[in-house]
Amino acid sequence: EADIYQTPRYLVIGTGKKITLECSQTMGHDKMYWYQQDPGMELHLIHYSYGVNSTEKGDLSSESTVSRIRTEHFPLTLESARPSHTSQYLCASSDHTDNQPQHFGDGTRLSIL
Amino acid sequence: GEDVEQSLFLSVREGDSSVINCTYTDSSSTYLYWYKQEPGAGLQLLTYIFSNMDMKQDQRLTVLLNKKDKHLSLRIADTQTGDSAIYFCAERSGGGADGLTFGKGTHLIIQP
């Protein structure tokens, strides 16, 4: 069973606020990912990391930023939230070995008013 | 670019087999995955298949891969009400960003 945790599960907040979505995994995985999923739609990769101090942008452009100071922690930050940021954000991790499957957290459902 | 296509809905009767289909366009795909998403939850990995295989079976789940036609299917035998969810097909290509490319998901609806 994968051990990857996201907090908060749900967040409703006003425009202009700074938001940090937390993601932690206890499996010692080097690779971590953030996906964005709009209702009824597929997931799109917005950020990924190969390990500590590594961050890369994904296929879908996003105004969010990420950091990877510790192996187990991969937070996502929005400096000034807007209604267009309303979505579900899913974090995943995988082992460093090529093509190992990605294990997902339960997601954070974000609503910006 | 990469594209993964799935039917949006599939309705089956409880006890029947469900077959969820997926097509992809990236010929460099190395691994193909099936994930299950229940309401309000994240994605649960169901199974995956390497591109040099054509079939993989795991209990009630059978994955078939036709690499020539770039077609992947997931068969669920003896479908139960607990199988009701959205099923995502995803592919991992050989290069580029290290994430997965997902289809839009198939809503599996179970009729009593």
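The values are calculated or read from the model by the stated rules, or taken from the named source; none is laboratory data. Just so it is clear, the model here is predicted, and its values are computed rather than measured. Here the Cβ is made from the backbone with ideal geometry for all residues, glycine too, and neighbour counts use every protein chain on show.
Here are the numbers for the structure shown:
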quantity	calculated
Residues (within 12 Å of chain B (Cβ to nearest Cβ), part of a strand (DSSP E or B) and of a type in the set (D, E, K, R)) located in the stretch A:1-48	A:Lys31
Lone qualifier among B:Gly82, B:Gly15 - being within 23 Å of A:Pro39 (Cα to Cα) and outside any strand (DSSP E or B)	B:Gly82
Of the criteria (1) more than 9 Å from chain B (Cβ to nearest Cβ); (2) of a type in the set (Gly, Ala, Ser); (3) under 24 Å from B:Cys89 (Cβ atoms); (4) in contact (Cβ under 8 Å) with a residue 60 or more places away in the chain, which one A:Gly107 fails	(1)
Verdict on B:Tyr24 being within 20 Å of B:Gln80 (Cβ to Cβ), hydroxyl-bearing (Ser, Thr, Tyr) and at pLDDT 90 or above	no
Subset of the stretch B:72-112 that is farther than 30 Å from A:Lys57 by Cβ and of a type in the set (S, T, N, Q) - its residue that is nearest to the other protein chains (Cβ to nearest Cβ)	B:Ser84
Check on A:Ala92, buried (at least 20 other Cβ atoms within 10 Å of the Cβ) and part of a loop (DSSP other than H, G, I, E, B)	no
Criterion: surrounded by fewer than 18 Cβ atoms within 10 Å (Cβ to Cβ) and more than 12 Å from chain A (Cβ to nearest Cβ) - qualifying residue of B:Asp3, B:Asp69, B:Asp26	B:Asp69
Unmet requirement for B:Asn66, which otherwise passes all of (1) within 25 Å of A:Gln37 (Cβ to Cβ); (2) at pLDDT 90 or above	(1)
Residue in the stretch A:52-60 that is closer than 30 Å to B:Glu5 by Cβ and of a type in the set (Ser, Thr, Tyr) present	no
Any hit, the stretch A:33-48, residues being loosely packed, with under 12 Cβ neighbours inside 10 Å and at pLDDT 95 or above	no
Residue within the stretch B:45-53 that is within 12 Å of chain A (Cβ to nearest Cβ), closer than 18 Å to A:Ser93 by Cα, of a type outside the set (Ser, Thr, Tyr) and touching a His at 6+ places or on another chain (Cβ under 9 Å) present	yes
Subset tally (residues that are closer than 15 Å to B:His71 by Cβ and touching a residue at least 60 places away in the same chain (Cβ under 8 Å)) for the stretch B:1-20	6
Complete set of residues in the stretch A:70-87 that are under 21 Å from A:Thr15 (Cβ atoms) and either part of a strand (DSSP E or B) or in contact with a Pro (Cβ under 7 Å, 6 or more places away or on another chain) (or both)	A:Leu76, A:Thr77, A:Leu78, A:Ser87
